[in-house]
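Notes follow once the structure below has been shown.
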Amino acid sequence: MIGLVVRRLAAMIPLLLFVSFVVFSLITLVPGDPATTLAGGTDADFADIEAIREEMNLNDPFLVQYAKWLGGAVQGDFGESLLSGRPVYGEVKRAIPPTLGLVAATLILVIPVGLLLGLISGLRPGSVRDKSVLTFTSAGIAMPSFWVALLLVSFFAVRLKWLPPFGYEPFVDSPTEWAKRMIMPAIALSASAIAVVSRQLRGGLADVMTAPYIRTAWAKGGSGHQVIAGHALKNAAMPAVTVLGLQTAVLLGGSIIIEQIFTIPGLGTYLLRAINQQDLPSIQAVALLYVVINVMINLIVDIAYGFLNPKVRAA
Amino acid sequence: MSTEQFGVTDHIEVAVADEVPDTADGNGADGGRSASTGTGVAEHRRGPIALATRRLLRNPLALVALGFLFAVIVVGVLAPLIAPYDPNEQLTGPPFLGPFSDGHLLGTDDLGRDIFSRILYGARLSILVSTATVAIALIIAVPIGLSAGYHGGRIEYGIMRVTDAMMSFPGLVLAISLVAVLGPSLKNTMIAIAVVLIPGFTRLVRGQALAIREESFIEASKSIGSPTKRIIFRRVFPNLLSPLVVQVSIALGIVLLAEASLSFLGLGARPPEISWGAMLRQASEVILVHPGQMYAPGLAIALTVLAFNTLGDGILDALTGGSGARGRRGRRRGLTFVERKMAPETSVAAPVDDAVSNLEPAPIERHESEAAPSPMTMVTLERNGEAARAAAELPPTDALLAVDGLTVQFSTARGWATVVDNVSFQIRKGETLGLVGESGSGKTVTSLSVMRLLPSPPSRITAGSVRFDGRDLLTLPIREMTKLRGSRIAMVFQDPMSSLNPALTIQHQIGQVVRWHDGGGKKHAATRANEVLEMVGIPKRRATSYPHELSGGQRQRAMIAMALVCRPSLLIADEPTTALDVTIQAQVLELMHELRKELEMAILFVTHDLGVVADICDRVAVMYAGQIVETAPVRELFHHPKHPYTEGLLRAMPQKAEPRSELYVIPGQVPQFHEFGTGCRLAPRCEYAQDRCRTTPIRLERVDPVHLARCIRWDELDLEAKI
């Protein structure tokens, strides 16, 4: 098991190197002379342009720029915000907990609900309850998360006034207030992931239930419950877990919009503000952070997968 | 299929070429497999695309989706003609009118613009953006994927690593970052989304190209000197189309969602461009006061994406011949259906005839007078079975297992096929009966029916009884059946690798049997498991191994240990040695020999290998095309066969072949179920067949008190000469 973790961590290094290079290369896509554009266009003060050129090492060869940037990044130094002039990392750092909280709250919903729905539909394919779940999940995949969010707000906040329509309260200050404000964002964000996970488990169950080892379990005298809980579930859950890893990427993307709607001061809100202000160092820092969070969550999923599948553990 | 990643799925298995109707999903039953050919052949001639189109047109859901998308396209194209207002004209009415207001079907927005007109124009933009973006992604991804898959080597490695890394970006984050630096606009949004789609498409194309590269017709093209470019475009490309069509349909939905997301954030479409996502952005700003503003655009997005996904699923189903879940409707898990009120449709011989016990048989004439009427009911059948036994004057305790007139059917594209037809046999305590035949003869189906392990659907038991210790297993509810399975009757399967659960240790899997039947804690179960493992020669330290950590022989030993842990009185072994190499085979047989003596169990030994039969069996029943054709004690059968099929099997034994002589092969193949005639089922392959063999139903006749044969010429043929 420890071997698995070490191997996965080692495999992350070249990946993160490549990804950081892509993130850094974003600067080459900035139209015109980057320093001029970032300083606010051709009207900008010459001194400002030169300051940016100096600050971002734009006079160096590209690879040297990258090396300097990466060297800083691994130490938590993403340069200074072009707007506020303060170190980017200090500001980004404060945006991480709200986003992680949102993603965690979403996953807490996705895993049990997705698996439960998958089980409900997968155990009796073709039944009425299977069809109801499938209809529900089709809708869950097709509805944009931000529309679900708006529907929730209009119903639970505007009409019923059960929940505050938006806002954020740090978990450490008041877990109940945090939860109150996280319910709607988490539901909106979880809908499509729940749908995908449940469909995957349904498909996994359908496949597994025809496997020879399930016949063996019946031949051993297992009851329906024993066969499903003791044999089918663990194997059927494997593809669902894999898909869960893929879904975190979708969740992170969706969280940007959801944070915007519910005014959660997370990475997404920070990113959008940076975009509006053409603050490239901040954009790069946040993009890289998203990838790191995604890779980390996938590492956790991989480890969970190792628990399910002894072959992965050993190989 | 779904919008899983912000990208596309890697592999799709589109099995147009080896299309199999999903009626009988075989499930290891050698009968089911052959039952499932049939219509596939006829449908092939129309070509895979025509076939898939026909299937798609028969799928109502996909048709509705197709119709809806067609409507969206028409509305988008004709928007200027059918929209009641200019979509950007302000104050066509008072602002924030609700839906169904006078002159404004969907109301008006903050500037008094007509929402219905804006939705129509939004359709135009959505379709345009979706198709153009997917087209851009395809134009870039297809050549890259093709060259990676077709050429392989370093190019492929490099391309794959880059796509891997690109896919570790959360899709929307990458798109947003790209738009952020390129500058917010609809054009840049499309470019950004296309970039996000490219890795997924590349992988898909590469996967397909790789699979196709290995196919023989490409080799053939190369060998006749076709230039690479021509091979790719003439040969590889057409085969790529079907999986690509599925992914394109789903990607269109993904792009629509992504464009709506970016426009919602104010990074995509901006006024005067009209996008559903941008409309939602406006609606969200006034949500606390006018929550009704967001219904129409959100619904438009959701329905269109739903239509794209449904169409994609429909195309996939049409190409693969239906999703795996379909056709399993109402499956009753773990217990074969018994519908004994039906008469076996293709039954030829009168059932009572075959119900005769072959141990101490009564005179045949006596039963002919009571020939069972058709259709028979369950009750009649029960009485017939009882009558047969009474007539045989056999003490009921003598036979541990008495199978009487067992008939099993499989649902196929041509209706119900009788895979096991009126099969009867008995096994006494401590006796080993060999059930022999080629694959497709129905022996595996017979053995699975005894424990009612065949999946229903597609299978059902339509007649007969299976008496174990005096109780008819076919009348037992699943709760009673599970009590017997594993404890009194146990089974060893052919392929130990797939028959053992890969995710659990063998100790755990064996211990389960103990826990399920005897109760007791996990510790007790583990101790018992270790004991039986030791008995079959697997040391204690290997007990906590997973199946993949064991050798083939060890796995089969573990399988046997699992069957024996509760000391069953009947062991059903379905080709237990077939998957093993010769030395291991001998070890396993030796083991079964010893254990049988030690535990005094009866064994039903299913095999196609007569050499193994000679080693281990007391009596043999030979099956052909779903019927028992001969049954006798093992020495009698080997030395005095009375059925030409048995003679053929004996002649085909490699052990009997002279060195350097050609091995005998029975000509022809086991017939398909729909090919059975009224006469002898072996007749087409039998060198002794006469006209009367083909026309009259053949009964199982008594050669001597312990020997039955289903051949009308048994007393005139001399079959011993050639073996």
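Assuming a ≥ b ≥ c are the square roots of the Cα gyration tensor eigenvalues, decide whether segment B:480-519 counts as rounded (a/c under 1.5), prolate (otherwise, with a/b larger than b/c) or oblate.
Details: a/c = 2.84, a/b = 1.37, b/c = 2.07.
Verdict is oblate for segment B:480-519.
Please give the average number of partner chain Cβ atoms lying within 10 Å of the Cβ of each residue in A:158-169, rounded to a whole number. The partial results should precede the final answer.
Values: counts 5, 1, 0, 0, 0, 0, 0, 2, 2, 0, 0, 0.
Shielding by partners across A:158-169 averages 1.
May I ask which of B:483/B:523; B:483/B:597; A:220/B:540; A:234/B:443; B:523/B:597; B:522/B:597 have a Cα-Cα span longer than 26 Å here?
On the way: B:483/B:523 22 Å; B:483/B:597 24 Å; A:220/B:540 22 Å; A:234/B:443 32 Å; B:523/B:597 29 Å; B:522/B:597 29 Å.
Over 26 Å apart, Cα to Cα: A:234/B:443; B:523/B:597; B:522/B:597.
With θ taken as phi - 60° and the coefficients 6.51, -1.76 and 1.60, list the Karplus ³J(HN,Hα) couplings across segment B:502-514 in order, rounded to whole Hz; mark glycine and proline as x.
Computed from phi, the couplings for segment B:502-514 are x, 9, 10, 6, 5, 4, 4, 5, 6, x, 4, 4, 5 Hz.
Take peptides B:84-93, B:574-583 and line them up by average Cβ neighbours within 10 Å, highest first, as a rough protection proxy. The partial results should precede the final answer.
Details: B:84-93: 15.1, B:574-583: 17.9.
Ranking, from highest mean packing down: B:574-583, B:84-93.
Sequence-distant or interchain residues sharing an amide H contact under 5 Å with residue A:263, placed H: which?
Result for residue A:263 returns A:167.
Of the peptides B:426-435, B:465-474, B:63-72, how do they stack up when ordered by the mean number of other Cβ atoms within 10 Å, highest first? Mind dumping the intermediate values first?
Working: B:426-435: 21.8, B:465-474: 18.8, B:63-72: 16.3.
Answer by packing, highest mean first, reads B:426-435, B:465-474, B:63-72.
Can you give me the relative contact order of segment B:619-698 as a percent, contacts being Cα pairs under 8 Å and 6 or more apart?
Numbers: 82 pairs, mean separation 17.7, N = 80.
22 percent.
Whole-Hz ³J(HN,Hα) for each residue in segment B:69-77, computed from phi via Karplus 6.51 cos²θ - 1.76 cosθ + 1.60 with θ = phi - 60°, x for glycine and proline: what do you get?
5, 4, 4, 4, 5, 4, 4, x, 5
Over all distinct Cα pairs, what is the inverse of the mean 1/r for segment B:443-522, reported as the Kirkwood hydrodynamic radius in Å? Let's see the in-between values first.
Values: mean 1/r = 0.0693 Å⁻¹.
Hydrodynamic radius (Kirkwood, Cα only) of segment B:443-522 equals 14.4 Å.
Between B:614, B:589, B:643, whose Cα lies farthest towards the positive end of the dipole of segment B:586-643 when Lys and Arg beta carbons carry +1 and Asp and Glu beta carbons carry -1, centred on the Cα centre?
Toward the positive end, the furthest listed residue is B:643.
Output ³J(HN,Hα) for segment A:256-263: one whole-Hz value per residue in order, computed from phi by the Karplus curve 6.51 cos²θ - 1.76 cosθ + 1.60 with θ = phi - 60°, and x for Gly and Pro.
Rounded to whole hertz, the list is 4, 6, 5, 4, 4, 5, 9, 6.
What does the structure give for B:557-564 when I average, per residue, the other chain Cβ atoms found within 10 Å of the residue Cβ?
Partner-chain Cβ atoms within 10 Å, mean over residues of B:557-564: 1.
Choose one of A:210, A:186, A:151: the residue whose Cα lies farthest towards the positive end of the charge dipole of segment A:142-222 (beta-carbon charges +1 Lys, Arg; -1 Asp, Glu; about the Cα centre).
Checked the options; the winner is A:210.
Kindly identify segment B:91-202 as rounded, prolate or oblate by the Cα gyration tensor criterion: order the square roots of the eigenvalues as a ≥ b ≥ c, call it rounded if a/c is under 1.5, otherwise compare a/b with b/c, prolate if a/b is larger, else oblate. Please list the in-between numbers first.
On the way: a/c = 4.38, a/b = 2.96, b/c = 1.48.
Since a/c reaches 1.5 and a/b is larger than b/c, the shape of segment B:91-202 is classed as prolate.
Across the Cα atoms of segment B:597-723, what radius of gyration and what greatest pairwise Cα-Cα distance (Dmax) are found, in Å?
Taking only Cα atoms of segment B:597-723, I get Rg and Dmax of 15.2, 51 Å.
Taking a ≥ b ≥ c as the square roots of the Cα gyration tensor eigenvalues, with a/c under 1.5 meaning rounded and otherwise prolate when a/b beats b/c, else oblate, which class fits segment B:528-651? All intermediate terms of the calculation are to be shown ahead of the outcome.
On the way: a/c = 2.68, a/b = 2.06, b/c = 1.30.
Prolate, because a/c is 1.5 or more and a/b exceeds b/c.
Can you give me the Cα centroid spacing of segment B:141-155 and segment B:445-489 in angstrom?
If we compute the Cα centre of each part, the gap is 54 Å.
Tell me the chymotrypsin sites (Phe, Trp or Tyr not before Pro) within segment A:55-164 that lie in a loop according to DSSP and have at most 16 other beta-carbon atoms within 10 Å. Intermediate values should be presented prior to the final figure.
Working: sites: A:62, A:66, A:69, A:78, A:89, A:136, A:146, A:147, A:155, A:156, A:162; in loops: A:78, A:162.
Qualifying residues, ordered by number: A:162.
Dipole magnitude of segment A:9-106 about its Cα centre, charges +1 at Lys/Arg Cβ and -1 at Asp/Glu Cβ only, in debye to the nearest 20? Walk me through the numbers on the way to the answer.
On the way: 5 positive and 11 negative charges, 119 e Å.
Here the size comes out at about 560 debye.
In peptide B:186-199, what is the residue-averaged number of other protein chain Cβ atoms found within 10 Å of each Cβ? If you can, show how the numbers build up before the last one.
Numbers: counts 0, 0, 1, 0, 0, 1, 0, 0, 0, 0, 1, 0, 0, 0.
Across the residues of B:186-199, the mean count of other-chain Cβ atoms within 10 Å is 0.
Suppose only helical runs count, i.e. DSSP H with n ≥ 4. What mean residue ellipticity at 222 nm does that imply for chain A under -39500 (n - 2.57) per run, divided by all residues and rounded to the nearest 500 deg cm²/dmol? Intermediate values should be presented prior to the final figure.
Details: 14 runs with 232 residues, N = 315.
Rounded to the nearest 500, the figure is -24500 deg cm²/dmol.
Quick one: Cα centre-to-centre distance for segment A:189-226 and segment A:126-153, in angstrom?
Using only Cα atoms, the two centres lie 21 Å from each other.
Going by how many other beta carbons lie within 10 Å of each one, how would you line up B:495, A:173, fewest first?
Working: B:495 17, A:173 8.
Fewest-to-most ranking of B:495, A:173: A:173, B:495.
Over chain A, what is the mean sequence separation of C-alpha contacts under 8 Å (at least six apart), divided by residue count, expressed as relative contact order in percent? Present the calculation step by step, with values, prior to reporting the outcome.
On the way: 353 pairs, mean separation 76.8, N = 315.
Normalised by residue count, the contact order of chain A is 24 percent.
Once the other residues with Cβ under 11 Å from the Cβ of residue B:505 are scored (Lys, Arg +1; Asp, Glu -1), what is the net sum?
On the way: positive: B:542; negative: B:549.
Net charge around residue B:505: 0.
Read the figures in this text as sums done on the coordinates, not as results from a lab. Owing to the predicted nature of the structure, the values given are computational and were not obtained by experimental measurement. For neighbour counting, all protein chains shown are included, and Cβ atoms are generated from backbone atoms with ideal geometry for every residue, glycine included.
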